[in-house]
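Chemist: What follows is a single structure, and I will ask about it in a moment.
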Amino acid sequence: MSALEKKPPSERGSGEKITIMIVDDSVVIRGLIGRWLDALPDMDIVARCRNGQDAVDQVARVKPDVVILDIEMPVMDGLTALPKILAASPGSRVLMASTLTHRNASVSIKALTLGATDYVPKPESTRSGHASEEFQRELVDKIRAVGQARKRAAPRRVFAAEKTGIAKGTIAETPAAPALEYKPASNVQPRILAVGSSTGGPKALFDFFEALSPSLDSVPVVITQHMPPTFTAILAEHLAGCSNRTCIEGEEGMALEPGKIYVAPGGTHMLLKKDGTSVRIHLDDGPKVNFCKPAVDPMLDSLVPIYGSAMLVCILTGMGHDGRDGAARVQAQGGTVIAQDEETSVVWGMPGAVAQAGICHKVLPLQQLPQAASQLIQGRRA
């Protein structure tokens, strides 16, 4: 008997729904996630698998928009299954799901380098109502974000020819987006690089810092990536490896040094404070900002009175609009803001919000952002 539980095609929702495959060896987790998603009108579970092998066997047939993939499973674990799933269904977005252990955090970050879109931390026990609510909210938000982004990227076919005047079955032209407004770069050479990211951010950060030139060595770098505790320490380790630079989690009272990268610890906002001739990290345990902790806006707000126009801000892929308001204050003080474009973003929420606010100097594909940042850090505006 197959270990796959699935809905018959006749019971599946319309093509506009986000289609989902759940892969988890726990019947409790499959049942819990299944009940949450079945209750939502915009989501359709097309397959429920007990291990990675079942997912690999079925994914090419069901071609889900989103795969929720557990890490630790019998027969075939999530990390082994991931590249096979992506090869069989290249358009599917994979969300890794794991409990917050050091090993699982390390495996999740590894999965992101291998093509997973994002991760969702599972609570240690689903008996905790608060933990389950947090897990449910984050899971649903991320499924919607990456699922809708995938559908927007796919060609849309028009069938109402009599209404549109377009031949039946042809690909519709996407309405042109409003032209973006751009701002000139600061006349002041940057003395710090601040980076914000969320969904899809870890892989974007790896690519960005691996390609960044030695010009980075003249300034400190601060990063807020939306991540839970444990994960941010592993992220810092991976960034150190790919960039060949010192990259560490920020600690209370730590002084910023040129050429070093500081990652905001999960579960706390990373702020910067002036201390004589030094700039030091202050970890703030205040409430979430933009539903996030750490959040980008508080970090940027703390930097503005210290660096003013000598700031370079880069907003990478992520859902929501965290970083927009802080970046606007940076730009208002004469600093420079650059952002990742929609085509190369997993979710064009954060960078899109900044771009559409008309505060960016450049909006570029991820591959071009390192060169642009390097030129600005070196004082070359062209």
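Chemist: Restricting to the stretch 24-41, give me the number of residues that are of a type outside the set (D, E, K, R), surrounded by 20 or more Cβ atoms within 10 Å (Cβ to Cβ) and in a loop (DSSP other than H, G, I, E, B). It would help to see each step written out before you state the result.
Modeler: To start, the set of residues in the stretch 24-41 that are of a type outside the set (D, E, K, R) comprises 26-29, 31-34, 36-37, 39-41.
With the extra rule that they be surrounded by 20 or more Cβ atoms within 10 Å (Cβ to Cβ), the set shrinks to 33, 37.
Narrowing further to those that are in a loop (DSSP other than H, G, I, E, B): none.
Count: 0.
Chemist: Regarding the stretch 7-19, can at least one residue be identified that is in contact with a strand residue (DSSP E or B) (Cβ under 9 Å, 6 or more places away or on another chain), assigned by TED's automatic domain parsing to the domain that holds V120 and modelled with pLDDT of 95 or more?
Modeler: Yes, the stretch 7-19 contains a residue that is in contact with a strand residue (DSSP E or B) (Cβ under 9 Å, 6 or more places away or on another chain), assigned by TED's automatic domain parsing to the domain that holds V120 and modelled with pLDDT of 95 or more.
Chemist: So how many residues does the stretch 89-108 have that are outside any strand (DSSP E or B), crowded, with 24+ Cβ neighbours inside 10 Å and not polar (S, T, N, Q)?
Modeler: Residues that pass the stated criteria total 1.
Chemist: Touching a residue at least 12 places away in the same chain (Cβ under 8 Å) and farther than 18 Å from T232 by Cβ: which single residue out of G349, G323 fits that description?
Modeler: The conditions single out G349.
Chemist: Against the condition of a type outside the set (A, V, I, L, M), within 18 Å of V46 (Cα to Cα) and in contact (Cβ under 8 Å) with a residue 60 or more places away in the chain, how does S108 come out, does it pass? So that I can check it myself, show each step before the final result.
Modeler: On the way: of a type outside the set (A, V, I, L, M): yes; within 18 Å of V46 (Cα to Cα): no; in contact (Cβ under 8 Å) with a residue 60 or more places away in the chain: yes.
So S108 fails the test.
Chemist: Condition first: under 20 Å from F209 (Cα atoms) and either part of a loop (DSSP other than H, G, I, E, B) or more than 17 Å from the chain's Cα centre (by Cα) (or both). Now tell me which residues in the stretch 339-359 satisfy that.
Modeler: The answer is D341, E342, E343, T344, S345, V346, V347.
Chemist: Now a separate question. Pairs, please: C-beta under 6 Å, at least 6 apart or cross-chain, first residue part of a strand (DSSP E or B) and in the stretch 183-203, second surrounded by fewer than 24 Cβ atoms within 10 Å (Cβ to Cβ) and hydroxyl-bearing (S, T, Y)?
Modeler: So the pair list comes out as I192/Y307.
Chemist: Kindly indicate whether any position in the stretch 42-49 is free of Cβ contacts under 8 Å to residues at least 40 places away in the same chain and not in a strand (DSSP E or B). Lay out the reasoning, then the answer.
Modeler: Let us first name the residues in the stretch 42-49 that are free of Cβ contacts under 8 Å to residues at least 40 places away in the same chain, namely 44-45.
Now restrict to residues that are not in a strand (DSSP E or B): none.
Looking for residues that are free of Cβ contacts under 8 Å to residues at least 40 places away in the same chain and not in a strand (DSSP E or B), one finds none in the stretch 42-49, hence no.
Chemist: Would you call V363 out of contact with any Phe, Trp or Tyr (no Cβ under 6 Å at 6 or more places or on another chain), part of a strand (DSSP E or B), at pLDDT 95 or above and in the same structural domain as S218 (by TED's automatic domain parsing)?
Modeler: Details: out of contact with any Phe, Trp or Tyr (no Cβ under 6 Å at 6 or more places or on another chain): yes; part of a strand (DSSP E or B): yes; at pLDDT 95 or above: yes; in the same structural domain as S218 (by TED's automatic domain parsing): yes.
Spelling it out, V363 is indeed out of contact with any Phe, Trp or Tyr (no Cβ under 6 Å at 6 or more places or on another chain), part of a strand (DSSP E or B), at pLDDT 95 or above and in the same structural domain as S218 (by TED's automatic domain parsing).
Chemist: Let me ask another. Output the residue which, of all residues in the stretch 251-263 that are within 19 Å of L212 (Cβ to Cβ) and crowded, with 16+ Cβ neighbours inside 10 Å, is farthest from the chain's Cα centre (by Cα).
Modeler: Of the stretch 251-263, the ones within 19 Å of L212 (Cβ to Cβ) are 256-263.
Still in the running and crowded, with 16+ Cβ neighbours inside 10 Å: 256, 260-263.
Numbers: L256: 25, K260: 22, I261: 19, Y262: 18, V263: 15 Å.
Among those residues, the one meeting the criterion is L256.
Chemist: With respect to the numbered conditions (1) modelled with pLDDT of 95 or more; (2) in a loop (DSSP other than H, G, I, E, B); (3) surrounded by 13 or more Cβ atoms within 10 Å (Cβ to Cβ), which one is the sole condition not fulfilled by L86?
Modeler: (2)
Chemist: Shifting gears a bit: Looking at the stretch 359-382, which of its residues are over 19 Å from V221 (Cα atoms) and out of contact with any helix residue (DSSP H, G or I) (no Cβ under 9 Å at 6 or more places or on another chain)?
Modeler: P365
Chemist: Restricting the stretch 166-199 to residues that are within 27 Å of the chain's Cα centre (by Cα) and modelled with pLDDT under 55, which is surrounded by the most Cβ atoms within 10 Å (Cβ to Cβ)? Step through it out loud before you land on a result.
Modeler: Filtering the stretch 166-199 for residues within 27 Å of the chain's Cα centre (by Cα) gives 174-183, 185, 190-199.
From what's left, modelled with pLDDT under 55: 174-175.
Values: T174: 9, P175: 6.
It comes out as T174.
Chemist: With hydrophobic (A, V, I, L, M, F, W, C), crowded, with 23+ Cβ neighbours inside 10 Å and within 25 Å of K110 (Cβ to Cβ) as the only criterion, which of M311, M299, M270 stands out? Before you say what the answer is, go through the steps one by one.
Modeler: Numbers: M311 fails: within 25 Å of K110 (Cβ to Cβ); M299 fails: within 25 Å of K110 (Cβ to Cβ).
Just a single option satisfies the conditions, and that option is M270.
The values are calculated or read from the model by the stated rules, or taken from the named source; none is laboratory data. Keep in mind that what you see is a predicted model, and the values were worked out from it rather than measured. So basically every Cβ, Gly included, is an ideal-geometry build from the backbone, and we count neighbours across all protein chains shown.
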